[in-house]
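**Q** Would you mind keeping the following structure in view while I ask a few things?
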Amino acid sequence: MNSSHSIRRAALVATLFTAFAAQAQPAAEPARWPTKPVRILVGFSAGGPTDTIARAFAEQATKAFGQTFVVENKPGADTILAAQAVAKAAPDGYTLLMSATNHTMIPALYAGKIDFDVVRSFAPVCTLASSPTVLVVGKSMPVKTLAAFLQQVRQAPGKYTYATPGIGSSGHFASVQFTRMTSTSMTHIPYKGAAQAVNDLIGGQVDSSFATLGSVLPQIRAGSLTALAVAAPQRSALLPEVPTFEESGVKGYSADAWYGLLAPAGTPGAVLAALQQAASQFAQSPAALSKFHALGIQGQSLCGPAFGSLLESDTRTYGQLARELKLKAE
């Protein structure tokens, strides 16, 4: 065999070996996430149901991903400050928003005053929980039934107060809708979160609150607040002795709240998928359900497009309600 043939053969073998080796190499793996702590912003002060759910999820996610998930409370402007911070954050999965129903009420109340879209500026991850609304009173209004409550309110229009976690919150809409349906007049006292509202209700600084059951169940059980009616199709298993508004004569009145996780729009699909899996597992986990039950909250897991549809539907619904009731940010 001549030398030129041997050289060509050696070159061919080398080429084939290189091609085979290249094919044998594994495909490039996607960038690992998370490689650093993840922030979860909450637009309410510490202690309320949104904050409680965020901290419970953060604890479980920290264990699941092996990276710290940190909850940061950023109350103010009806959760706009927190939502805006997340909407403008890098879409890399390291800044998330634990939102609630009132997120979809922002456009109706702050039209022209916000520079983000409550639907399009975010990527929906999953809802984690839901809670019905319950009418509660404190010691400044010692009534035991909805009928007695209505009697007092009607005798002194504008005298009695109701506390909410903020202007445009689910409690605010629930309250105004109730006063409209019952032709009553009450004075709104907005707070920067459910915890502060509940504290003042217990202390007698305000008279009543249309609150999510999750924010007042411990106080109801302790006897510091009295539940008059539940805004749900049927009685709550956690408060079986408390009638619904329907049973108490206010026909067609219903209100509830959801709590869910949002990421900035443009967050990679792989990151969203990982978060959705973690969120779904959390909402169904015995530890979370036990904590939810104690707070009057039930697990709920609507993820991705289903959660996105809920955001769009609620935004339309509350926008129309705000226009009908002429509600605007004060």
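**Q** So how strong a dipole does the chain carry about its Cα centre when Lys and Arg Cβ are +1 and Asp and Glu Cβ are -1, to the nearest 20 debye?
**A** About 300 debye.
**Q** I've got another one for you. For every helix of n ≥ 4 consecutive DSSP H residues, a contribution of -39,500 (n - 2.57) applies; sum these over the chain, divide by its total residues, and give [θ] at 222 nm rounded to the nearest 500 deg cm²/dmol.
**A** -13500 deg cm²/dmol
**Q** Now, a different point. May I ask for the distance between the Cα centers of segment 175-246 and segment 68-114, given as a whole number of Å?
**A** 25
**Q** Percent of accessible area on the chain owned by carbon and sulfur, 1.4 Å probe?
**A** 55
**Q** In sequence order, what are the phi-derived ³J(HN,Hα) couplings for segment 66-78 according to the Karplus relation 6.51 cos²θ - 1.76 cosθ + 1.60 with θ = phi - 60°, rounded to whole Hz, with x for glycine and proline?
**A** So the J values, rounded to whole Hz, are x, 10, 6, 9, 10, 8, 10, 7, 9, x, x, 6, 6.
**Q** Can you find, among Gln234, Phe210, Ser99, the residue farthest towards the positive end of the dipole of the chain? Put +1 on the C-beta of Lys and Arg, -1 on that of Asp and Glu.
**A** Farthest along the dipole direction, towards plus: Ser99.
**Q** Still on this structure, please answer the following. Please report the antiparallel percentage of the DSSP beta bridges confined to the chain, to the nearest 5.
**A** Around 60 percent of the beta bridges assigned by DSSP in the chain are antiparallel ones.
**Q** What dipole magnitude, in Debye to the nearest 20, does segment 137-214 give about its Cα centre under +1 on Lys/Arg Cβ and -1 on Asp/Glu Cβ?
**A** Using Cβ point charges on Lys, Arg, Asp and Glu, segment 137-214 gives about 120 debye.
**Q** Further question on the same structure: Kyte-Doolittle mean at least -1.0 and Cα extent at least 27 Å along the axis: which DSSP H helices of the chain qualify?
**A** 3-24, 305-325
**Q** So who's got an amide H within less than 5 Å of the one on Thr164, skipping anything under 5 residues away but keeping other chains? H placed 1.01 Å off N, in plane.
**A** Ile189, Tyr191
**Q** Along the charge dipole of segment 239-330, which of Gln300, Ser285, Gly260 sits closest to the positive end, that is, farthest toward it, with unit charges on the beta carbon of Lys, Arg, Asp and Glu (+1, +1, -1, -1)?
**A** The Cα lying farthest towards the positive end belongs to Gly260.
**Q** Provide Rg over Rh for segment 141-233; use the alpha carbon set for both Rg and the Kirkwood Rh (inverse mean inverse pair distance).
**A** Looking at segment 141-233, the ratio lands at 0.92.
**Q** Also: Could you calculate the FRET efficiency of Ala147 with Thr187 from 1/(1 + (r/R0)^6), where r is the beta carbon distance between them and R0 is 25 Å, rounded to 0.05?
**A** E between Ala147 and Thr187, to the nearest 0.05, is 0.75.
**Q** Can you give me the relative contact order of segment 113-190 as a percent, contacts being Cα pairs under 8 Å and 6 or more apart?
**A** 29
**Q** Quote the convex hull volume per residue of segment 224-330, based on C-alpha atoms, as a whole number of Å³.
**A** For segment 224-330, the hull spanned by Cα atoms encloses 168 Å³ per residue.
**Q** While we're on this one: What accessible surface, in Å², does a 1.4 Å probe find on Ile220, ignoring ligands, DNA and RNA and rounding to the nearest 10?
**A** Accessible area of Ile220: about 30 Å².
The values are calculated or read from the model by the stated rules, or taken from the named source; none is laboratory data. Being a predicted model, the structure only gives us computed values, none of them experimental. Cβ sites come from the backbone with ideal geometry, for glycine too, and all protein chains shown count toward neighbours. Remember, those area values only see protein heavy atoms, side chains included, never the ligands or the DNA or RNA. Shrake-Rupley method; radii C 1.70, N 1.55, O 1.52, S 1.80 Å.
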